[in-house]
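Everything below concerns the one structure shown next.
The values are calculated or read from the model by the stated rules, or taken from the named source; none is laboratory data. Since the model is a prediction, treat every value here as computed from it, not as a measurement. All Cβ positions, glycine included, derive from the backbone under ideal geometry; neighbour counts span all protein chains shown. What goes into the accessible areas is simple: the full protein's heavy atoms, side chains included, and nothing from ligands, DNA or RNA. Shrake-Rupley method; radii C 1.70, N 1.55, O 1.52, S 1.80 Å.
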Amino acid sequence: MPRAKRRETKEFMQGNAVIAHAARAAGATSFYGYPITPSTEVFETWVQLCGNPHKPALSPVTKERLSYLQCEDEMASGFALIGACLAGKKAFTATAGPGNILMQDAFSAAEALRIPTVAVIMQRGGLSTSTVIYSQEEVTLTCFGGNGEGFRVVYSPSSLQDLYTYTLKSFNTAWKYRYPTFLLGDGYLGKMSGEVTRYPMLKREYVTPEPILLGPARQKSLSTNLRNCYDQEEEINSIIEQYRSDYARDSKAIAESESYRTRDAHTILIAHGIVASAAKVAVDMLRSTSARVGLWRPITLRPLDVPSLVSAVGNARRIIYIESALGQMSRLINDALIAYSETGKSFDLPAVRSLYAPALGITPTEIVEQVLKKS
Amino acid sequence: MKTSNKQQRNRKETAPRTASLPVPSFPRCYKESSKPHKFCPGCGHPITLHEIGMVVDELGIQNKTAFLIDIGCSLLAWDFFDIDTTQTHHGRTVPTAVGFKRAMPDATVIAYLGDGGGYAIGTQHLVHATLRNDPITVIIINNLTYAMTGGQMAPTTIEKQPPTTTAPFDRTPDVFGTNLKGPELVLHLAMPGAFVARTAVDNPLHVRMTIKEALLHQQKNKAFSFVEVLSFCPTNWKTNAQETFAWMGAFKETYPLFKTITGTNS
Ligand SMILES: Cc1ncc(C[n+]2csc(CCOP(=O)(O)OP(=O)(O)O)c2C)c(N)n1
Ligand code: SF4
Ligand SMILES: [Mg+2]
């Protein structure tokens, strides 16, 4: 196991702080942001890691200075982040709710220009300003915000340890495949504290960033002229088709999921993020009563791990969607299953049930009750 | 879209010479494949772009300049130069330039946008880049209108001119408020040592000298530099050449040319 060779340290930390530490370990050198609960400690922890701006700390990975900019708003944060990526630096931001809405301005540009932005989204309550606490109501916005097609990577971590693992991974995915990449957490995960194992990035995993403008092409006297504005329908159509085939190809390498006790399961719970952690506990509770229940958990909401999904639900009698929203995750999965059935492969959709609790946390007991409920 | 400098130069050198005709001097950093350019005849944008090209040549910074352009008629310049460029979103060119410059401090970074992009949808970015003294050069093409979208009222539109589709009965202050003067705003906000100027395309040499000073300021003094260029838009002004120049003369009364380094004369 390569993990054993790493210099690991165990620490008691808050979720948002975990993300900042992981970003530093990933080789990120700058942060651009605007404060918003429940994401602010990502920014504040990064500021602490940067130290005194007159004598800034260095990246343990690149030995470059760590820096940050508190911008005038989320549009500025998002576009300054794009600027830093264009200049070849691993950079990131963190936001939530109404900030996520404004930042879609930049993310839609990043999607069009294939800029490897990394953004941490800590979901707060949905419907406008709402609560500063928790929901899973920023799934659609994060996956598809903007007038695009969702050529993005969205990780949905379930635990504090996941926050570390997938922050580290986000930067490499973004720079390897050139899609705007998101770590979609929530206020519960961001604000809770617990033990986390930190470890440095392995050299062989590290994807080296290159400037997109004034980079290697320029050194060969080739100019790079990026555009997001086109004259003809056919021009933009061919770009979208190109991105579609790139995304289909890259999805095979990017998509991740977890199948937990699904092999003989008649009932498959489907949940993501922190709700999947509760669902996992519920599976164990139900298994102890010998109910044949398993959990399928998308780790990437974009792209979805369709082969794994199909094999998890293919033999099941029913699936139960569980989320702190009114079906934002389940729409993604239904779409994927319909698209799969359109490929002509024989596949019977099991019966579907749902436990939707928009903007509320969901406990293992509530999930157990839902599973045991007679239709 | 990739063409090499060398290829372009070779092409130039092997082209047959028409000795009798005066050859206009095009900047070496022009991208030949994108000429003739896409701007309307008589437009002020290509005049300013020509002068930017001359300065880039003169300072020898073709390989270290990032030219970032807004959405507006500036977007037509996406492949104007054999210089690294990107389009952004309407109003978001300044923060993109800020992020780029912070990540690559040795680059010469130019944010090129219209008066709508700079003074309406992106005003907050201009204000804060000024306050932070970000060492970038912001060039705003002030044609007193939203040109790309067909001549709507801009923050710079003055009472009678130019005609606009969204204030067709004139921009009367009682209904529409007053107009915005960008360089003057920047002057009020800037830290000492920022370069602030207004120039106009009816004097291209003045545009060139001003932009040269701005870029040198960015490089040497590592401070904010801001140039507003009063510019022609005969298409939306609905003017002939003579009227275009006459209007420009009149606009200079509202928008006087000046040049200063903040904090040096107060
Ligand atoms: C967010 C957004 N809002 C509106 C538009 C439509 N739009 C495109 S260009 C433009 C105005 C351009 O005016 P200006 O910045 O002065 O540039 P000009 O065309 O006059 O050079 C507008 C409103 C847009 N592209 N994006
Ligand atoms: S509409 Fe006006 S600013 Fe735009 S290209 Fe034509 S003349 Fe120039
Ligand atoms: Mg204009």
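What to note about this one:
- Failed item in (1) modelled with pLDDT of 95 or more; (2) outside any loop (DSSP other than H, G, I, E, B); (3) surrounded by 14 or more Cβ atoms within 10 Å (Cβ to Cβ), with B:Gln8 passing the rest: (1)
- Considering region B:108-125, and only residues there that are of a type outside the set (S, T, N, Q) and surrounded by fewer than 24 Cβ atoms within 10 Å (Cβ to Cβ), the residue that is farthest from the other protein chains (Cβ to nearest Cβ) turns out to be B:Tyr119.
- Flag if A:Phe92 is touching a Lys or Arg at 6+ places or on another chain (Cβ under 8 Å) and either closer than 14 Å to A:Ala22 by Cβ or among the acidic types (Asp, Glu) (or both): no
- Evaluation of B:Asp115 against (1) under 23 Å from B:Arg208 (Cα atoms); (2) within 12 Å of ligand 1 (Cβ to nearest atom); (3) without any contact (Cβ under 8 Å) to a residue 24 or more places away in the chain (one fails), failing number: (3)
- The lone exception for A:Arg218 - which of (1) within 12 Å of chain B (Cβ to nearest Cβ); (2) under 19 Å from A:Val42 (Cβ atoms) it fails: (2)
- You will find that of B:His128, B:His89, the residue that is within 10 Å of another protein chain (Cβ to nearest Cβ) and over 17 Å from the mean Cα position of the chain (by Cα) is B:His128 and no other.
- The one condition in (1) assigned to a helix (DSSP H, G or I); (2) touching a residue at least 60 places away in the same chain (Cβ under 8 Å); (3) of a type outside the set (Val, Ile, Thr) that A:Leu269 fails to fulfil: (1)
- A single entry from A:Thr129, A:Thr173, A:Thr167 fulfils the requirement of being more than 12 Å from chain B (Cβ to nearest Cβ), at pLDDT 95 or above and over 23 Å from A:Ala22 (Cβ atoms): A:Thr129.
Residues checked against (1) under 24 Å from A:Ile274 (Cα atoms); (2) touching a Pro at 6+ places or on another chain (Cβ under 9 Å):
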site: A:Leu86; (1), (2): no, yes
site: A:Leu113; (1), (2): no, no
site: A:Thr131; (1), (2): yes, no
site: A:Glu138; (1), (2): yes, no
site: A:Cys143; (1), (2): yes, no
site: A:Gly148; (1), (2): no, no
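- Among residues of region A:39-53 that are modelled with pLDDT of 95 or more, those with a Cβ under 7 angstrom from a residue that is assigned to a loop (DSSP other than H, G, I, E, B), sequence gap 6+ or separate chain, pair up as A:Ser39/A:Ala96; A:Phe43/A:Pro35; A:Leu49/A:Ala57; A:Leu49/A:Leu66; A:Cys50/A:Pro56; A:Cys50/A:Ala57; A:Cys50/A:Leu66; A:Gly51/A:Ala57.
- Screening region B:130-248 for strands (runs of 3 or more DSSP E) wholly inside it with 2 or more residues that are within 14 Å of ligand 2 (Cβ to nearest atom) and surrounded by 21 or more Cβ atoms within 10 Å (Cβ to Cβ) returns the ranges B:137-142, B:225-230.
- Residue within region B:32-39 that is open to solvent by 50 Å² or more (accessible area, probe 1.4 Å), touching a helix residue (DSSP H, G or I) at 6+ places or on another chain (Cβ under 8 Å) and within 16 Å of ligand 2 (Cβ to nearest atom) present: yes
- Region A:38-72, residues that are open to solvent by less than 50 Å² (accessible area, probe 1.4 Å) and either more than 21 Å from B:Phe100 (Cα to Cα) or not assigned by TED's automatic domain parsing to the domain that holds A:Gln136 (or both): A:Pro38, A:Ser39, A:Thr40, A:Glu41, A:Val42, A:Thr45, A:Leu49, A:Gly51
- Contacts under 9 angstrom Cβ, first residue in region A:220-234 being closer than 17 Å to A:Asn147 by Cα, partner of a type in the set (Ser, Thr, Tyr) and open to solvent by less than 40 Å² (accessible area, probe 1.4 Å), 6 or more apart: A:Arg227/B:Thr85; A:Arg227/B:Thr86; A:Asn228/A:Ser108; A:Asn228/B:Thr86; A:Asn228/B:Thr88
- On the stretch given as region B:206-234, residues that are within 16 Å of ligand 3 (Cβ to nearest atom) and of a type outside the set (Phe, Trp, Tyr) total 7.
- Just one residue in the set B:Ile71, B:Ile141 is under 30 Å from A:Gln104 (Cα atoms), at pLDDT 95 or above, more than 14 Å from chain A (Cβ to nearest Cβ) and near ligand 1 (Cβ under 10 Å from one of its atoms); that residue is B:Ile141.
- For region B:73-99, the set of residues classified as closer than 22 Å to B:Pro27 by Cβ and either within 16 Å of ligand 2 (Cβ to nearest atom) or assigned to a helix (DSSP H, G or I) (or both) consists of B:Cys73, B:Ser74, B:Leu75, B:Leu76, B:Ala77, B:Trp78, B:Asp79, B:Phe80, B:Gln87, B:Thr93, B:Ala97, listed by residue number.
- Members of region A:91-126 that are touching a residue at least 60 places away in the same chain (Cβ under 8 Å) and at the interface with chain B (Cβ under 10 Å from one of its Cβ atoms): A:Ala91, A:Ala109, A:Ala112, A:Leu113, A:Ile115
- The criterion of at least 3 residues that are out of contact with any Cys (no Cβ under 9 Å at 6 or more places or on another chain) and surrounded by fewer than 24 Cβ atoms within 10 Å (Cβ to Cβ) is met by the following helices (runs of 4 or more DSSP H) wholly inside region A:102-194: A:139-144, A:160-177.
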